[in-house]
Amino acid sequence: MTTRDQYVFLKAANKFNAWILVRQTNEESFQYMRKTLYRPKPISCKPKTADFGIGKLNKRVEGLVADPFRWPEAFKREKIDEARDLWKEFRNDCGLGEFKREGTGFKFEGSPRSVRAYPYAIDTQPGSLHEGCLTLEGKYLYGDYDLFHIVFLDRKQMPGRPSTVVQTGPKYATNYQIPDKRDANWDQIAIFINQQLGVEMIQHGSHVFYKPKDFQPVFAFGPGKRSGEFWSIDELKARYRQWNV
């Protein structure tokens, strides 16, 4: 995470008197932030971002959601099987089309359903720098900031169960609904952080509500802290015992 972005999370932690825990993001994604041809992937986009570029072919796929069948060497070995499963399921669900550049715009080819209801498409141009990468409404997708949990120091702010909001992916694909389990005061916190970042990097609720036993290393931002902290799984578990969460 960049120093600038860490400062934003620290501001949010102080403003809302909470520990904000953030999962590790593919660092290669940061190079695309705030650039007009790219956007963070939304909750409806399950496929993984690539870890490496394809240097021999001059393909910049690292940090972007990319086809793991086309570019298996762009993914870490421990990640490739899951990446392929998610890609296959997502592509089938969305009936993905393709796009080609036309001047300064894009021409979509493929199923009309994929264009109207699911405006995801795959760049299949052999000469493209991002060949094999996924787009949404003509923009390439990079990794967002995944919240792990928001732990309020004032326990009255933290109900036992998160609220569930049904999102559609994308916004007008009403037949493709995604349940989003959100933390208390999620809207206020997400709006504050995203406005400070200048891009909607917080897209959905916390990981802990979906997989409560899946502890992971996190970046932690707390009230009164001068910098973010990186916590191992053991450190995170120790904090949960301390907070009695």
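Nothing in this text is a laboratory measurement; each read-out follows from the coordinates by a stated rule. Keep in mind that what you see is a predicted model, and the values were worked out from it rather than measured. Positions of Cβ are backbone-derived with ideal geometry, glycine not excepted, and every protein chain shown enters the neighbour counts.
Simple spin-label model, 7 Å along Cα-to-Cβ: Glu82 to Glu200 in nm? Between Glu82 and Glu200, the label points sit 2.5 nm apart. Straight-line reach from Lys237: taking Cα to Cα under 15 Å and skipping same-chain neighbours fewer than 8 places apart, the aspartates and glutamates in range are Asp214, Glu229. For the pair the range 24-52 and the range 198-226, the centres of their Cα atoms are 16 angstrom apart. Averaging the sequence gap over all C-alpha pairs within less than 8 Å and six or more residues apart, then dividing by the number of residues, gives the range 1-98 a relative contact order of 21 percent. For Glu62, the residues 5 or more places off, or on other chains, whose built amide H falls under 5 Å of its own are Gly53, Ile54.
What order, most packed first, do the peptides 68-76, 136-144, 232-240, 87-95 have when packing is the mean number of other Cβ atoms within 10 Å of each residue? Walk me through the numbers before you get to the answer.
Numbers: 68-76: 17.4, 136-144: 20.2, 232-240: 13.4, 87-95: 15.8.
Put in order of decreasing packing, that is 136-144, 68-76, 87-95, 232-240.
For the range 13-97, please report how many Lys pairs fall under 23 Å Cα to Cα, leaving out neighbours fewer than 8 apart on the same chain. Count of close lysine pairs: 23. For Gln188 and Leu37, the difference between the fully extended length at 0.36 nm per residue and the C-alpha to C-alpha distance is 51.6 nm.
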